[in-house]
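This report refers to the structure that appears directly beneath it.
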Amino acid sequence: MKQALLFALLSLTLWADAHLFVYHRFGDAKHASTNVSLEILKKQFDYFKTHNYEVIPLSKLNQALKDKKDIPDNWVVFCIDDSYKSFYKNGLALFKEYKYPFTLFVYIEATDKGYGDFMTWEQIKDANKYGEIGLHSYGHKHMVSLTPQDMRKDTNKALSSFENHLGYAPKYYAYPFGEFDETLKEVITSYGFDLVLNQNVGAVSKQSPAHNLDRIALTGDVNLKYKLRIKYLDAQWYAPKSYPSNAKLNEIHVTMPSSIKKAELYVSGGGWEYIKIEKGVFKSTKTYPLKFKRTRVIIKHGNAYTSKIIVKKIPQNKSE
């Protein structure tokens, strides 16, 4: 009996959830909302190093998920979105110094057209020596507002340029702005990417869906210890499916393990509220007026999180 209890405790300690962290700009104080200073980045890297976290390439996590292996609790994966030039000029040196791998998700149009704040293809190729490269769309638009045809047009154009310059097809896709709905998810999944990544609060376990992996943004001096305590909550979302046309959320329907009896719910613009889970099901018909064009609906049980993002569709420029 004691041995079984000890094994269970060890299992909880050794095998739990990996954490995917996403950065954008480095040492670029003009853009505080998406920036991490080099001093804070070094402090974070030192924390990972001294507390025995293993920073792994996304490909290693990908293989573990394919093999349905338990995920060590000390695994950390770094993602860099948008391919800003500040990563190459300021951030890359620290990644190289600590020998920390990363996946750079490229905003293709910015590089193709030589936008000044973004990396060139030569810089991306150089960064590829130290990390992996993924796709972050062609035009970095609010993709949920596009028609399925234009979603494919954007993705086809991005893939063509990526393969032309780097000589291989990307295995990983990160949604622009972390925004997606069921239509976009279906379109992107149809391209056969190994992993598709969002930007929702959460962690990654062997139960995580490969085409909806949670990533936590690190900007400014965040509470890293708290972020590392976040766990994956195995849940299935049935509602909401999309942003309601009247900007009023009238239904939330989520299933989760039947052992969970109580949890907490958060809808953007409001506070946390306690909810009851009945036989693994949470259903609510309470009306939540939506205050923002992008709304997050989050459920947490202890440190375990699951969330859904719904985005109001807005007019987009005609695709080229």
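The values are calculated or read from the model by the stated rules, or taken from the named source; none is laboratory data. Everything numeric here is computed off the predicted structure, so don't read it as measured data. Cβ coordinates were reconstructed from backbone atoms using ideal geometry, including for glycine residues, and neighbour counts include every protein chain displayed.
Tabulated data for the structure shown
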item: Which numbered condition Gly220 fails, given (1) modelled with pLDDT under 95; (2) not assigned by TED's automatic domain parsing to the domain that holds Trp75; result: (2)
item: Condition met for Asp70 (among the charged types (D, E, K, R), farther than 22 Å from Gln123 by Cβ and part of a loop (DSSP other than H, G, I, E, B)); result: yes
item: Top-ranked residue of region 286-320 - restricted to ones that are in contact with an Asp or Glu (Cβ under 6 Å, 6 or more places away or on another chain) and over 24 Å from Ser205 (Cα atoms), ranked as surrounded by the most Cβ atoms within 10 Å (Cβ to Cβ); result: Val311
item: Sole exception among (1) under 30 Å from Ala169 (Cβ atoms); (2) more than 17 Å from the chain's Cα centre (by Cα) for Val254, by number; result: (1)
item: Condition check for Ala210: crowded, with 19+ Cβ neighbours inside 10 Å and not charged (D, E, K, R); result: no
item: Long-range neighbours under 8 Å by Cβ, at least six apart or interchain, first residue without any contact (Cβ under 8 Å) to a residue 24 or more places away in the chain within region 85-114, second among the hydroxyl-bearing types (Ser, Thr, Tyr); result: Gly114/Thr120
item: First in region 27-44 and farther than 15 Å from Lys96 by Cα, second anywhere and surrounded by fewer than 13 Cβ atoms within 10 Å (Cβ to Cβ), Cβ under 6 Å, 6 or more apart; result: Ile40/Asp221
